[in-house]
Amino acid sequence: MDCFAPEEAWSQDAIAAAQTTRLRMTIEQALRSPFYKERLGRLGITPGTIAGPEDVQKLPFTTKDDLRGAYPTGFVAVPQSELVRLHASSGTTGSPVIVCHTQDDINAWADLMARCMHMVGIRKSDVFQNMSGYGLFTGGLGIHYGAERLGCLTIPAGAGNTRRQLKLIRDLSVTAVHILPSYALYLGNMLIDEGVDPRSLPPRIALIGAEPHSEEIRQRIEYLLGVKAYNSYGLSEMNGPGVAFECLAQNGLHVWEDAFIAEIVDPETGAPVPEGEFGELVMTTLTRRGMPIIRYRTRDITRFLPGECLCGRKHRRIDRISGRSDDLFIVKGCNIYPMQIEQALMAFPEVGDNYLIILEHVDNMEQLRVQVEIRPDYFVEDMRALVGLQKAIAHRLRDEILVTPKIDLVQMNSLPVTEGKAKRVEDRRQNS
Ligand code: ADP
Ligand code: ZN
C-alpha cells in the first residue's frame, strides 16, 4: 500500500486505541463550548465516561437543529482569536449552519484531503483543477488546500463558465479535476455539442461528490469524459470533503476512522442497526479543536460494507449514499427516494443525463411526473418508438417505486442545470 499518511495503514486495533484517546480528548475539548458544557454537563459526561470507541453510544446525538439553535458560536470551544476560518453548509435543506476552524483544524483537514487524493493516484506532478464553487461551500477551499498540501499545481477555477474551464484544461494540461457529478455530465455534453471530444482532453482522474449519484451516473461520467471517477463524501459539519473516499478498488468509501467515529443508526429509534444494514450515518469528530461535534445525525442513508477492501486499508467502508432522509418523498402512500428513480432511468441507453421529478396534483389526485432527457440519436420523429420508450420507462419505474409515473420525454440539455448541487425534485403539490 502506497500511503500518504501512516494512519492510512493502521490496523483495526491501532484505530480503536487512537479512537479511545481521541474521543476522550474530544469530550474534554467539547466541554469548553457553551452548547456541550450544558448538554454533556447535564448528563454528567466526562472524558472518563469513555473506556473504548463503542462508548460513543453513551453520548447524546447532535442534530442540525442543535447547530442552528446555537448559531453562531454556541459550539465554538476556543477563544475567538484562535479561529482562522469559517465555512457554511450549502443550505440544501434549510438555513445553513456555520463551522469554525483553528489553524490546526485546517492543517489536519488538508492532510486528510491530500490523503484521499493520493489514494486515487494523484501526485505532486499532477495539475489539478477544482471546478466546484468557492466561498463558504467547503468543496472549494477544502479540496483546494488538500491539492496544495499534496503539492499539485492547483487551479481554483470555481463552478460554471464551461469555455474558461476548457481553456484552462487545455492550456495547462490538467490531469485531475474535482467536479460535481451533475456538472460533469453537463460539461461533457456541452463540449460534444461544440464539437470537442471530452475523451481526448488530458484529465484522467475526476473526484466527484457533494451530491447523491448512482453507480450508473459514475459510469456515464467515466465514459463521457474518459476518466476514472472517484466518489468523495463529506459534509460541512465534519469539515467538508475528506471524510470518506473511494480507493482504487471503487467499491465503497473508506471513512478515515483515525479522524472520525462513524456509526449507522435506525433513523427512527437512533439505535445501531445490525452490521451491514442501511441506516442513518452518525459522525463524531476526533481531532477538531475549534468546533468539535459529537454524534452528528447526518441524515444521509448508507450502510457499512462487510469484509475487507482489496486495497488492504482497514478503515471501514460505507456504501455510496443512497439519499438523504430529507429527500424521501411520499406519493400515494409509497416512500420514494430520488436515487431509486435515477437508477431505473439510467438503465435505459436512450435516456440522457438529466431528469426532473415533479410532484403535483391533477384533478385532486397526487401525480408523479418525471421529465427525462433523451439522447439526440434516439429523439427521432417516429412517434411510435417514443411512445414505446415512454411506456417502458413508466413500467420499469412502477416496478421499482410501486407508483405509475407520467413520463415526459424531452430533448437533451433542455432541463434546468444549477451551478451548485442538482435539484432533482420539484414539489408543486402545495400550489396545485
Ligand atoms: P448541505 O447539507 O446544505 O448540502 P453541505 O455542503 O455540507 O451542506 O453538504 C453535505 C451533504 O452533501 C451531505 O450531508 C450529503 O447529503 C451530500 N453529499 C456530500 N457528498 C456526497 C456524496 N459523495 N454522495 C452523496 N451525497 C453527498
Ligand atoms: Zn480500499
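Inspect region 132-148 for any residue being among the hydroxyl-bearing types (Ser, Thr, Tyr), open to solvent by 10 Å² or more (accessible area, probe 1.4 Å), in the same structural domain as residue 317 (by TED's automatic domain parsing) and over 19 Å from the mean Cα position of the chain (by Cα) and give the result as yes or no.
We begin by selecting, within region 132-148, every residue among the hydroxyl-bearing types (Ser, Thr, Tyr); these are 132, 134, 138, 145.
Now restrict to residues that are open to solvent by 10 Å² or more (accessible area, probe 1.4 Å): 134, 145.
Applying the additional criterion that residues be in the same structural domain as residue 317 (by TED's automatic domain parsing) yields 134, 145.
Still in the list and also over 19 Å from the mean Cα position of the chain (by Cα): none.
No, there is no match, as no residue in region 132-148 is among the hydroxyl-bearing types (Ser, Thr, Tyr), open to solvent by 10 Å² or more (accessible area, probe 1.4 Å), in the same structural domain as residue 317 (by TED's automatic domain parsing) and over 19 Å from the mean Cα position of the chain (by Cα).
Let's see how each residue does on (1) in contact with a Pro (Cβ under 9 Å, 6 or more places away or on another chain); (2) more than 16 Å from ligand 1 (Cβ to nearest atom); (3) part of a strand (DSSP E or B); (4) open to solvent by 50 Å² or more (accessible area, probe 1.4 Å):
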site	(1), (2), (3), (4)
307	no, yes, no, yes
326	no, no, no, yes
342	yes, no, no, no
357	yes, yes, yes, no
366	no, yes, yes, yes
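Is it the case, given these coordinates, that residue 263 is over 19 Å from residue 313 (Cβ atoms) and within 12 Å of ligand 1 (Cβ to nearest atom)? Please lay out each step first, then the result.
Values: over 19 Å from residue 313 (Cβ atoms): yes; within 12 Å of ligand 1 (Cβ to nearest atom): no.
Considered against the rule, which asks whether it is over 19 Å from residue 313 (Cβ atoms) and within 12 Å of ligand 1 (Cβ to nearest atom), residue 263 comes out as no.
So, in region 102-127, of the ones that are more than 16 Å from ligand 1 (Cβ to nearest atom) and hydrophobic (A, V, I, L, M, F, W, C), which residue ends up most open to solvent (accessible area, probe 1.4 Å)?
108
Please enumerate the residues belonging to region 185-233 that are of a type outside the set (Ser, Thr, Tyr), in contact with a helix residue (DSSP H, G or I) (Cβ under 8 Å, 6 or more places away or on another chain) and in a loop (DSSP other than H, G, I, E, B).
196, 197, 201, 202, 203, 210, 211, 212, 213, 226, 227
Test each condition in (1) of a type outside the set (S, T, N, Q); (2) at pLDDT 95 or above; (3) open to solvent by 20 Å² or more (accessible area, probe 1.4 Å) for residue 163 and report the one that comes out false.
It is condition (2) that residue 163 fails.
Could you please give the count of residues in region 233-251 that are open to solvent by 10 Å² or more (accessible area, probe 1.4 Å) and within 11 Å of ligand 2 (Cβ to nearest atom)?
4
Can you give me the number of residues within region 236-271 that are in a loop (DSSP other than H, G, I, E, B) and either of a type outside the set (S, T, N, Q) or outside the structural domain of residue 303 (by TED's automatic domain parsing) (or both)? Write out each step before concluding.
Going through region 236-271, the residues in a loop (DSSP other than H, G, I, E, B) turn out to be 239-243, 247-252, 256-259, 266-271.
From what's left, either of a type outside the set (S, T, N, Q) or outside the structural domain of residue 303 (by TED's automatic domain parsing) (or both): 240-243, 247-249, 252, 256-259, 266-268, 270-271.
Total meeting the criteria: 17.
Please find, among 177, 99, the residue that is under 30 Å from residue 416 (Cβ atoms), part of a strand (DSSP E or B) and within 14 Å of ligand 1 (Cβ to nearest atom).
Within the list 177, 99, the selection yields 99.
The values are calculated or read from the model by the stated rules, or taken from the named source; none is laboratory data. Keep in mind it's a predicted model, so treat the numbers as computed, not measured. Note: ideal-geometry Cβ built from the backbone for every residue, glycine included; neighbour counts use all protein chains shown. Keep in mind that these areas ignore ligands, DNA and RNA; they rest on the heavy atoms of the full protein, side chains included. Shrake-Rupley method; radii C 1.70, N 1.55, O 1.52, S 1.80 Å.
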